[in-house]
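Trainee: So that we are looking at the same thing, I have put the structure below in structure tokens.
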Amino acid sequence: KKKKKKNKNKNKSNGVKASTSTSTLTFDGQDGELRHFMVRLKDPPVMAKHPPTSGEPLNTRARHVVDYVRFLKDKHETLLSQHLEDTSDSLVLHRYLYTVNGFGLRTMQDIANNFKQHPEVEAVYEAPILEQSLDSSGDRRELTDFTPTFLGLTGKGQAWSQGYTGEDVVVGIIDTGIVPEHPSFADVKTPINGNTGKLKEYGPLPDSFTGVSCTFGNEEYNPDDKPFECNNKIVLARCYAEALSNVTDPTMPCGGDGARLTEGSFLSARDEDSHGTHVTGTAAGNYGVEALNSDGEFLGLISGIAPRARIAVYKAGWSFDGLIRRLPYLSILQAIEDAVTDGVDVINMSFGGGASNSVDSYDIALLNAATGGIFTIASAGNGGGEGTVGNPATLPWVTAVASSFDGNLRPDGTRSDFLLEILEPEAIPGAPFYAIVGSGSNASATVENLDVAFSGELKAADPLLACDPVINDLTRKIAFVIRGGCNFVDKIANVVEAGAQAMVLYNDGLAPDRLGPVDMLVTGAEVLAVSVSFEDGSNILAALDNNETVVSAPSFDFSSADVVDDFSSRGPGAYADIIKPDITAPGSDVLAAIAFD
């Protein structure tokens with residue numbers, strides 16, 4: 001990467017500043033006849049009209065850029081005044097100039113249709129709010145002490161020792177914000193070579209990064225939103241609440257009043273969800289941070305993959321009652337626009353919509369970002385099954401990352417998976433069955449304990465859901481249950497009450513992402529539990545329903561390293577001639593920062 005000049009006078013921004021920032025469904029998010037619409041104009045955006053010199057960031061102060069921006073703004077004002085002057089209900093939520101030319105509106109369908117008739121307008125379409133369900137049944141929240149080593153970054157002569165630590169790279173994270181006080185993001189001295197070498201301060205920001213915003217400390221909206229001053233690690237923090245507000249104003253924190261947010265939200269870049277904090281820590285968290293569990297027990301030292309990188313936060317996602325996460329399309333588009341003009345080197349998006357090959361403003365914005373030398377990367381998705389890679393990961397100019405395993409061991413040295421051998425009967429289709437060990441049990445998942453727990457006879461619980469008291473005797477048996485209806489821990493408690501020595505859960509197959517084994521969080525469970533896929537579980541159940549005696553034993557003689565997680569979205573992609581996903585990386589059992597009290 002080209003060496004950048006330093007800006008010694010930047011990055012001092014206190015408190016709240018005005019911000020001008022899995023299965024996926026859509027949510028209209030509006031009242032009555034009002035909807036969100038994207039209006040895209042025919043004139044090219046700045047990045048297409050005046051692309052920056054190869055390898056250089058966009059100079060937003062250049063005379064030709066300033067003149068063209070003024071030209072586009074004048075056209076926006078003309079169009080808006082023609083079509084919105086007679087309505088008081090419509091709101092202009094966002095204006096886009098650099099990566100895409102257009103504006104986002106909250107208005108009625110007939111008014112949006114009027115824009116379509118104008119010769120300067122290229123497209124008008126409804127802009128959804130991406131909605132991700134947060135499964136409350138006990139799926140593990142992705143918690144990286146082993147990952148950098150597994151990826152071959154930490155050894156002598158490997159990437160970190162060669163200087164590839166993210167030094168002076170600004171990573172833009174479009175997500176749910178950040179908990180800025182976490183030690184993974186502290187502006188402190190860290191090893192110059194990632195995990196070795198002298199400790200080095202984070203120096204002044206590169207001149208190529210020009211963004212100035214640090215939107216924290218909106219105590220008027222939420223008293224728990226403590227002020228925070230950005231620094232040379234967290235270099236910027238923006239947020240976007242316009243699409244979830246009744247009143248919008250660029251002088252407000254996050255650009256709006258946040259009237260449509262859930263109680264307990266932070267109307268700032270502070271993370272109430274934890275997803276953005278975790279993603280940021282995984283990507284660019286400091287090396288050598290102590291990882292502790294909820295009981296304060298030491299789990300190891302963690303690090304981001306690029307531990308010396310700087311962090312620019314773009315909060316476009318918001319948690320609603322801990323049940324769903326909403327990411328307005330128009331907010332994501334504004335975050336991309338701001339990340340480009342701020343001068344980030346990387347745009348990371350750990351979310352996605354449904355698979356699609358239609359080109360819209362989102363795709364054009366990311367193309368212009370990539371054309372400007374910004375590395376754009378997105379999660380392939382958690383859809384499971386074939387052909388489920390979501391947008392924007394489907395795009396040729398976005399690197400799509402699938403989730404894979406980094407081996408059979410968890411950070412504490414216990415097993416994460418094994419093969420469930422079937423000793424009796426001789427022919428159950430698909431055996432041996434791949435099984436993932438639930439984490440957090442009071443019973444340690446050592447090879448010895450797993451061998452004892454899962455060597456024996458399987459017996460189906462009655463009821464099979466095991467959400468109510470189990471009425472059949474499971475004494476010294478391995479309980480067999482199906483997913484759904486209640487938390488995993490509740491199921492375990494009910495089968496233990498009936499005498500079970502362990503539990504095997506199979507997925508219920510009710511959705512593409514509910515086919516494979518479940519990565520269960522079973523904190524406090526008294527016995528060990530594993531999960532198998534819907535297909536494998538159905539084959540086991542068929543034998544049990546046929547009154548056959550099913551006897552199992554675990555096998556540990558295999559490696560799951562670099563195997564794609566079953567929940568991870570897979571190709572083919574939406575474009576027939578583009579292979580997707582592009583790469584895989586460890587995506588479960590990863591220790592990294594989360595929100596904390």
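The values are calculated or read from the model by the stated rules, or taken from the named source; none is laboratory data. Computed from a prediction, not measured in an experiment: that's the story for all the values here. Here the Cβ is made from the backbone with ideal geometry for all residues, glycine too, and neighbour counts use every protein chain on show. Note: accessible area is taken over every heavy atom of the protein model, side chains too, but ligands, DNA and RNA are not part of it. Shrake-Rupley method; radii C 1.70, N 1.55, O 1.52, S 1.80 Å.
Trainee: Quick check: Cα centre of the stretch 435-462 to Cα centre of the stretch 527-564, how many Å?
Mentor: Measuring centre to centre over Cα atoms gives 11 Å.
Trainee: Round to the nearest 10 and report in Å² the accessible area of L327, as given by a 1.4 Å probe over the protein chains' heavy atoms.
Mentor: 0
Trainee: Another question about this same structure. Filter the GluC sites (Glu not before Pro) in the stretch 391-493 to those in DSSP coil with at most 11 other Cβ atoms within 10 Å of their Cβ, and list the result.
Mentor: Hits after loop and neighbour filter: E426.
Trainee: What is the dipole size for the chain, taken about its Cα centre, with +1 at each Lys and Arg Cβ and -1 at each Asp and Glu Cβ, in debye to the nearest 20?
Mentor: With only Lys, Arg, Asp and Glu charged at Cβ, the dipole is about 3180 debye.
Trainee: Further question: So what does L91 come to for accessible area, using a 1.4 Å probe and Å² rounded to 10?
Mentor: L91 exposes around 40 Å² with every protein chain in place.
Trainee: Continuing with the same structure: What nm value, rounded to one decimal, do you get for the distance between H64 and E122 when each label is placed 7 Å out toward the C-beta?
Mentor: Placing both labels 7 Å along Cα→Cβ, they lie 2.0 nm apart.
Trainee: In the stretch 227-284, which GluC sites (Glu not before Pro) are in a loop and have at most 15 other Cβ atoms within 10 Å, using DSSP for the loop call?
Mentor: E229, E263
Trainee: Still on this structure: May I ask you to compute the full-extension gain from N472 to I578, defined as 0.36 nm times their residue separation minus their alpha-carbon distance, rounded to one decimal in nm?
Mentor: 32.9 nm
Trainee: Only bridges with both residues in the chain count here: give the DSSP antiparallel percent, nearest 5.
Mentor: Looking only at bridges with both residues in the chain, the antiparallel portion is about 55 percent.
Trainee: Have a look at Y68, P554, G102 and report the one farthest towards the positive end of the charge dipole of the chain, computed about the Cα centre with Cβ charges (Lys/Arg +1, Asp/Glu -1).
Mentor: Selected residue: Y68.
Trainee: Same structure again: Given Cβ point charges of +1 (Lys, Arg) and -1 (Asp, Glu) and nothing else, what value in debye, to the nearest 20, does the dipole of the stretch 367-511 about its Cα centre take?
Mentor: Dipole magnitude for the stretch 367-511 comes out near 400 debye.
Trainee: Still on this structure, I have one more. Summing +1 for each Lys or Arg and -1 for each Asp or Glu, what net charge is found among the other residues whose Cβ lies under 14 Å from the Cβ of L544?
Mentor: With Lys, Arg at +1 and Asp, Glu at -1, the neighbours total -4.
Trainee: Next question, about the same structure. Quick one: how many Å² of E167 are accessible to a 1.4 Å probe, rounded to 10?
Mentor: 50
Trainee: While we're here: Calculated FRET efficiency, A511 and D451, Cβ-Cβ r, R0 22 Å, to nearest 0.05?
Mentor: 0.10
Trainee: For Rg/Rh (Cα atoms, Kirkwood Rh), the choices are (i) 1.22; (ii) 1.14; (iii) 1.00; which was calculated from the structure?
Mentor: Computed from these coordinates, Rg/Rh (Cα atoms, Kirkwood Rh) corresponds to label (iii).
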